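Structure first, commentary second.
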Amino acid sequence: MTDGFEGDGGGGRGRRRFPGLSSRAYEHPADRSALVALRKLTGFDVVFKALSGMLPERSLRLLFLSDSVRVSERQFAHLHQMLLDACWVLDMEKVPAMYVTQDPRPNAMCVGLDQPVIVLTTGLIELLDEDETRVVIGHEVGHALSGHAVYRTLLLFLTNMAVRVAWIPLGNLAITAIVTSLREWFRTSELSADRAGLLVGQDPQVSIRGLMKLAGGDHLHEMNVDAFLEQADEYEAGGDLRDSVLKIVNVLPRSHPFAVVRAAELRAWSQSRDYQRIMDGRYPRREEDGEASVSGSVRDSAAHFTERARTGRDPLVRLVNDVAGGAGQLGGRLRDFAAGAARSARDAATGGSARDTAAGGGSGSGSGSGSGEDAGGPKGPEEGRAGR
């Protein structure tokens, strides 16, 4: 497909374009299943509808407009070109507004309801090189294409509200439940957006290198991508059950997964058939989104988690597998034992009668000359045992 490759602009590295790309092509299974679960959360629909009109989107937009620098052809022109390039690669027609805000902490976000807004901090721009920044912008465009900005904005709003209504017991509990569910989804949405960033940058090493910098700072000459991925393997497989529980506890208050986890997830996806199919031009199209079923997404998610549980090296995952497998083996052994016991009982009953008959005949014949083996031997005890 001739329009699948980039021309002279936007980096000029012959990167592939994905016309009509559906966000389903790159969304992490946990992202889709978490959204399904979130929408089924009791009271979520009511809260979402009630708050949609209250969300300060206009105020948020005015805040960035008044206290940040809007990216354009005349301001941060190189970032503007990267934004256009990312939208071109992912085939997103409506280019979101993008701002640069003064903040030494490296961060980026995509918020808004009707009109998503991308925000990059100066700390992020100063930390990453051009290729790594391109990946981050692709990451945020992926959020916009997936519609994540709506729920991310809701999470920010509810998090602030939870602090204000903390003195109301029931109200705080209700909002806390929704915030916890949103935060769980928020983390999985980052894995989806990481994949979108990889589709824009199309170099797994660059994507992982950017995550490594977010973890260790601008000391690339002191760091190594392979060693960083070894950390990810150690984190996944190392420790005992206490460490597995601590991993869960440590991640609960976070909005993003840990950097090594994101790197490992991205490495696995970049080596998968799903990624290769997208790169070959075989991916779900936007016009087919209406035909996609929720049950299909749930099945895909279930299959993903089943495979992760089967191949996982985390001690807690291994324990669950061992318990499940052990239960299955125990059940099989119990069935075999019961069946074997029943067979033994039947054999004892039928075999015992046959032996009694044979023993009786033997006794009669034994009074005669007997066999050659028995000649000269004491037959009484042997016959007695056969009779028993």
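The values are calculated or read from the model by the stated rules, or taken from the named source; none is laboratory data. Just so we're clear, the structure is a prediction, and the values are computed from it rather than from any experiment. Cβ placement follows ideal geometry from the backbone for every residue including glycine, while neighbour counts extend to all protein chains displayed.
Descriptive notes on the structure:
- Some residue of region 156-165 being in a helix (DSSP H, G or I), at pLDDT below 95 and in contact with a Ser or Thr (Cβ under 7 Å, 6 or more places away or on another chain): yes
- Inter-residue pairs, beta-carbon under 6 Å, first in contact (Cβ under 8 Å) with a residue 24 or more places away in the chain and in region 267-284, second charged (D, E, K, R) and surrounded by 18 or more Cβ atoms within 10 Å (Cβ to Cβ), 6+ apart: Trp269/Arg195; Pro284/Arg24
- Output for region 256-276, where each listed residue is closer than 15 Å to Leu211 by Cα, in a loop (DSSP other than H, G, I, E, B) and either at pLDDT 95 or above or not hydrophobic (A, V, I, L, M, F, W, C) (or both): His256, Pro257
- Selection from region 208-226 of residues that are surrounded by 24 or more Cβ atoms within 10 Å (Cβ to Cβ) and among the β-branched types (Val, Ile, Thr): Ile208
- Gln205 meets each of the listed conditions (1) crowded, with 22+ Cβ neighbours inside 10 Å; (2) among the polar types (S, T, N, Q); (3) at pLDDT 95 or above apart from (1).
- Pair list, Cβ under 8 Å, 6 or more apart: region 81-107 residue within 25 Å of Arg24 (Cβ to Cβ) and charged (D, E, K, R), other residue loosely packed, with under 15 Cβ neighbours inside 10 Å and at pLDDT below 95: Asp85/Gly9
- Total residues in region 252-278, condition over 17 Å from Trp185 (Cα atoms) and surrounded by fewer than 17 Cβ atoms within 10 Å (Cβ to Cβ): 7
- Scan of region 70-80 for residues that are of a type in the set (A, V, I, L, M, F, W, C), in contact (Cβ under 8 Å) with a residue 24 or more places away in the chain and either assigned to a loop (DSSP other than H, G, I, E, B) or surrounded by fewer than 17 Cβ atoms within 10 Å (Cβ to Cβ) (or both), ordered by number: Val71, Phe76
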